[in-house]
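What follows is a short report on a single structure.
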Amino acid sequence: MTQLRTGSSTDTGKTRKRNEDAYLVELSEKIKKLAVADGMGGHQGGHVASRLALEIIDGFKIEEETFKADMEKAIYQANEKVMARAKADSDLEGMGTTVTFLGINGNRGLVAHVGDSRLYLFRDGNLQRITRDHSLVEEMVRQGKLTSEEAEKHPQRNVLLQALGVEKNIEIEFYDLSLCTGDLFLLCTDGLTGLVSEEEIQNELKGNEDLQELADRLVKLANDRGGHDNITVVLCAYDG
């Protein structure tokens with residue numbers, strides 16, 4: 001039986017009026033589901049898009065035998081539902097959301113990812129970013145036009161190349177992971193990574209016994225730096 005520990009925290013931050021982030025922690029099924037989503041657009045659209053997308057994912061039945069195909073279908077269905085909701089309500093026109101979704105099937109982890117929320121793996125004291133941001137500046141880094149350091153400060157760093165609910169055709173990026181006892185996953189929105197460096201996050205994760213305290217501490221750290229965006233953190237430790 002898969003043994004997991006989790007902690008999660010979300011906060012509006014110090015400058016936004018509404019929390020447009022959402023997160024999912026569902027451990028009751030055989031396939032465990034953890035996800036974060038960062039909504040944007042429309043009068044109140046970001047708030048609606050992120051929650052709707054995760055409601056669809058939460059309610060989608062994912063089978064062990066069709067693990068990847070079912071995760072893919074869940075994301076596509078979430079994309080269609082967000083688009084349909086925006087079309088039906090003019091106040092929600094233009095809304096969309098990122099989604100970073102980790103499914104755990106025994107000792108196998110699979111990540112389905114669209115947008116610029118992130119998943120990190122902390123293993124043997126080292127933090128590794130698993131996902132690639134679907135953003136303009138990340139593409140410029142890949143093309144050698146910007147350094148990673150320049151990208152962090154670039155005025156267009158929040159421009160996304162794709163998100164759920166914006167276009168019918170999306171390209172879901174998948175990452176397949178073999179889990180090892182002691183692995184710790186961090187899913188987060190850019191309200192954390194925009195203000196707290198990966199080195200600082202790594203140092204915080206080295207004391208990972210109480211994951212709820214750790215999640216709260218990471219959110220507080222981002223708020224202490226200015227909290228200019230919504231901040232969401234989900235932590236999941238794999239204990240075998």
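The values are calculated or read from the model by the stated rules, or taken from the named source; none is laboratory data. Just so it is clear, the structure is predicted and the values come from calculations on it, not from any experiment. Neighbour counts are summed over all protein chains in view; Cβ atoms, including those assigned to glycine, are modelled from backbone coordinates with ideal geometry.
Observations on the model:
- Selection status of Gln202, out of contact with any Phe, Trp or Tyr (no Cβ under 8 Å at 6 or more places or on another chain), at pLDDT 95 or above and more than 19 Å from Thr2 (Cα to Cα): no
- Taking the criterion of being part of a helix (DSSP H, G or I) and over 18 Å from the mean Cα position of the chain (by Cα), the residues of segment 74-118 that qualify are Glu80, Lys81, Met83, Ala84, Arg85, Ala86, Lys87, Ala88, Ser90, Asp91, Leu92.
- Residue within segment 47-63 that is of a type in the set (A, V, I, L, M, F, W, C), touching a Lys or Arg at 6+ places or on another chain (Cβ under 9 Å) and over 25 Å from Asp190 (Cα atoms) present: yes
- In segment 140-169, of all residues being surrounded by fewer than 18 Cβ atoms within 10 Å (Cβ to Cβ) and within 19 Å of the chain's Cα centre (by Cα), the one that is nearest to Asp38 (Cα to Cα) corresponds to Asn158.
- For segment 195-240, filtered to residues that are part of a loop (DSSP other than H, G, I, E, B) and out of contact with any helix residue (DSSP H, G or I) (no Cβ under 9 Å at 6 or more places or on another chain), the residue that is farthest from Asn19 (Cα to Cα) is Gly240.
- Some residue of segment 102-125 being surrounded by 19 or more Cβ atoms within 10 Å (Cβ to Cβ), under 29 Å from Phe60 (Cβ atoms), of a type in the set (Lys, Arg) and in contact (Cβ under 8 Å) with a residue 24 or more places away in the chain: yes
- For segment 155-170, the count of residues that are outside any strand (DSSP E or B), of a type in the set (Asp, Glu), closer than 25 Å to Arg51 by Cα and in contact with a strand residue (DSSP E or B) (Cβ under 8 Å, 6 or more places away or on another chain) is zero.
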